[in-house]
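Derivation of every value follows stated rules applied to the coordinates shown; laboratory data play no part. In this text the structure is predicted, and so the values were computed from the model without any measurement. Here Cβ is always computed from backbone atoms with ideal geometry, including for glycine, and neighbour counts include all displayed protein chains.
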Amino acid sequence: MSWGYLRTLVPVVAAVLHHATLLEKLGSDPSDEFLGNLLFDVESWTLHQGREVESVTAVALRILSCYYLTTAGKFYKKTKDPLGGSRMILTLLKLNQILDRLACKKFPLLIEHSSYFKPEIINCLLLPSKFELGVAQELVEYFHHRDEKATFPALINQLTITEDSFAVRFAQRDEGMCVH
């Protein structure tokens, strides 16, 4: 089965997930079968992504992530599906990896900062397939390799702004942000 159609439809899928959350707020539930199939397609497309995601913007992926989290979280809680919940977490971690790659490509300074990824979360997931275990291993290896090179703290790990903070370091390198 090919999930290539989602590559160009990420904004549309995000809109459908958003619509599903709106329907729920209005008291009209989309069918479990419809949501289950849509979530499975999003999960399959996401988990099958390789090193580069072409023709999908970071903004579209962020929007997809937000609506996917909202919709999948409610769906898997409602259906009491521990495998689906584990697949949801794996999918969100994969989306995080994809977004991290895009961000590091656009802002190479990010590579010098830790990702703050905690691989212990993988140990709590129910991953019955060899493929899902492979995705989990790839995520652990990606973030381990990325953090090996990091010499500065993660963006979300600092309580105060210091000279080592990403924001300070970024501003120091950007002529438009420097105060003269």
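Summary table below
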| item | result |
| --- | --- |
| Among 92-104, 75-87, the order from most to least packed when residues are scored by Cβ within 10 Å on average | 92-104, 75-87 |
| Computed E for Phe40/Gln158 - FRET, C-beta separation, R0 30 angstrom, nearest 0.05 | 0.20 |
| 18 Å cut-off, amide nitrogen to a point 7 angstrom out along Leu99 Cα→Cβ, residues in the stretch 73-93 | 73-74, 87-93 |
| Cβ-derived FRET efficiency at R0 25 Å, Ile121 paired with Val168, nearest 0.05 | 0.30 |
